[in-house]
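Working notes for the structure below.
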Amino acid sequence: MHITGFTNTILAELKQTLTLIDDKEAEKLATGILQAKKIFVAGGGRSGFMAKAFVMRMMHVGLDAYVVGETITPNLESDDIFIVGSGSGETQSLVAMTKKAKAIGATVVAITIDPESTIGNLGDIQIEIPARSKSDDSSNKSIQPMGSLFEQSLLLFYDAVILKFMDKKGIKSDAMYGRHANLE
């Protein structure tokens, strides 16, 4: 298969996967972000890169958002929201963070392939992204290696959440440039 063929297959997988996300839970996430004092986002590996992209866009729209683990991340409080993206829902460092966020009383959002995982079960809001790997034997199987389909879906889902937030607040894209980095 040519690269464009692989690209077309990846795009078809993304479309199939993203249309299976529960809109009611996604709306709860958008509302939770609007109601939160501060927003904390965590993820490991490539899911962590998607978290950083999401936090950057939240900063661009004027939200008080942080990547967990960065040196400038403040303390989590009970009126905050903690969003964790983990394909397996079992990454031990993320499980520990999620348990702590739950104990503090923050709203916990679990975004995972497996809502019955440890992280999934801790979520006040559960977003299931049914992205399966090549080695998985489920019906929504991917040609892609490892967690690629989940990670790509996570980024697109996060971007859709930003668009929903912009729509709710009446924010236009050009207004975001005022918060864009200028020391590049």
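The values are calculated or read from the model by the stated rules, or taken from the named source; none is laboratory data. Everything quoted here is computed from the prediction, not taken from an experiment. As a convention, Cβ positions derive from the backbone with ideal geometry for all residues, glycine included, and neighbour counts pool all protein chains shown.
Annotations
- Identity of the residue in segment 142-171, among the charged types (D, E, K, R) and either under 19 Å from residue 9 (Cβ atoms) or surrounded by fewer than 16 Cβ atoms within 10 Å (Cβ to Cβ) (or both), that ends up modelled with the lowest pLDDT: 169
- Residues of segment 158-171 classified as part of a loop (DSSP other than H, G, I, E, B) and touching a Gly at 6+ places or on another chain (Cβ under 9 Å), total: 1
- Extreme residue, surrounded by the most Cβ atoms within 10 Å (Cβ to Cβ), among residues of segment 172-184 that are part of a helix (DSSP H, G or I) and out of contact with any His (no Cβ under 6 Å at 6 or more places or on another chain): 175
- Summed over segment 1-15, residues that are touching a residue at least 12 places away in the same chain (Cβ under 8 Å) and loosely packed, with under 15 Cβ neighbours inside 10 Å total 2.
- Unique match (being modelled with pLDDT under 95, among the aliphatic types (A, V, I, L, M) and not in a helix (DSSP H, G or I)) among 72, 83: 72
- Here the condition is being touching a residue at least 60 places away in the same chain (Cβ under 8 Å), assigned to a strand (DSSP E or B) and surrounded by 21 or more Cβ atoms within 10 Å (Cβ to Cβ); of 40, 54, it holds for 40 alone.
- The C-beta contact set for segment 92-106 (first residue without any contact (Cβ under 8 Å) to a residue 12 or more places away in the chain, second residue hydroxyl-bearing (Ser, Thr, Tyr), distance under 6 angstrom, 6+ apart or interchain) is empty.
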